[in-house]
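The values are calculated or read from the model by the stated rules, or taken from the named source; none is laboratory data. All figures in this text were calculated on a predicted structure; none of them were measured in a lab. Here the Cβ positions follow ideal geometry from the backbone for every residue, glycine too, while neighbour counts run over all protein chains shown.
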Amino acid sequence: MAAADGTAHRHLVLASASPARLRLLRDAGFDPTVMVSGVDEEVVDRPDTPTLTLALAERKAVAVARPGGSAVVVACDSLLELDGRRFGKPASNAEALAWLRAMRGRTGTLHTGHCLVDEPTGRQVSAVEGTLVRFADTTDAELQAYVATGEATAVAGAFTLDGRSAPFVDRVEGNPSNVIGLSLPLLRELLRRLGLSVVDLWDAPRD
């Protein structure tokens, strides 16, 4: 079967170890191969959060992409921003609890940088999406029980919409999948910029 641009089907490669991103893509009809980039996020810095997430996504995608390959590589990076402060993954349960206490009853922005590399052409496209997140006025007992599950230290901002912390989010303004770690509508747009359609990569056969 040919893709929209007349070439053979491209398999999708996810340059991320995130189980949430993998579930999102599988639920949307993709069957991606996971290849972790190994990029050291600590050595990358930018003056603002959206630019930082974009730079990290681009580095991860480029690190995984194979020159002359046949896949489309997608990489993402997410950070929560509240009052100008960045929240990635907390380093400990104590830090996660402190963050969640500071966030409750307030609104932050979850920024996710996206980068796609089309291996056959070497073309690269990228963009950032931000989604407003309104946190519920949770109790200390709720937060302590949540942190004890271990979920908080595995996700950006110490929360996620597809896990135990979902009841602690009152509402989002924007795309919910972006908060989970990958905006599916933005993925569709970036594929379109490469001359591809999301349907071109649904359950596409691998090399």
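List of remarks:
- Residues satisfying the stated conditions in the stretch 147-162, i.e. buried (at least 16 other Cβ atoms within 10 Å of the Cβ) and either part of a loop (DSSP other than H, G, I, E, B) or acidic (Asp, Glu) (or both): 151, 155, 159, 160, 161, 162
- The selection criterion, being more than 30 Å from residue 138 (Cβ to Cβ) and either free of Cβ contacts under 8 Å to residues at least 60 places away in the same chain or surrounded by fewer than 21 Cβ atoms within 10 Å (Cβ to Cβ) (or both), does not hold for residue 73.
- Subset tally (residues that are acidic (Asp, Glu) and either in contact with a strand residue (DSSP E or B) (Cβ under 7 Å, 6 or more places away or on another chain) or part of a strand (DSSP E or B) (or both)) for the stretch 95-118: 1
- Residue list for the stretch 101-127, restricted to those being among the hydrophobic types (A, V, I, L, M, F, W, C), crowded, with 22+ Cβ neighbours inside 10 Å and under 20 Å from the mean Cα position of the chain (by Cα): 110, 115, 116, 117
- Flag if residue 92 is polar (S, T, N, Q) and in contact with a strand residue (DSSP E or B) (Cβ under 8 Å, 6 or more places away or on another chain): no
- Of the set (1) within 26 Å of residue 59 (Cα to Cα); (2) out of contact with any Lys or Arg (no Cβ under 6 Å at 6 or more places or on another chain); (3) surrounded by 15 or more Cβ atoms within 10 Å (Cβ to Cβ), all apply to residue 85 but (3).
- One residue from 75, 63, 57 being in contact with a His (Cβ under 9 Å, 6 or more places away or on another chain) and in a helix (DSSP H, G or I): 57
- Matching residues, the stretch 14-23, being of a type in the set (A, V, I, L, M) and either in contact with a Lys or Arg (Cβ under 8 Å, 6 or more places away or on another chain) or modelled with pLDDT of 95 or more (or both): 14, 15, 22
- Among residues of the stretch 171-188 that are closer than 18 Å to residue 88 by Cα, those with a Cβ under 7 angstrom from a residue that is at pLDDT 95 or above and of a type in the set (Asp, Glu), sequence gap 6+ or separate chain, pair up as 178/129; 183/129.
- Boolean, residue 192 is surrounded by 14 or more Cβ atoms within 10 Å (Cβ to Cβ), among the basic types (Lys, Arg), free of Cβ contacts under 8 Å to residues at least 24 places away in the same chain and at negative phi: no
- Within the stretch 36-65, restricting attention to residues that are exposed (fewer than 14 other Cβ atoms within 10 Å of the Cβ) and not β-branched (Val, Ile, Thr), the residue that is farthest from residue 202 (Cα to Cα) is 47.
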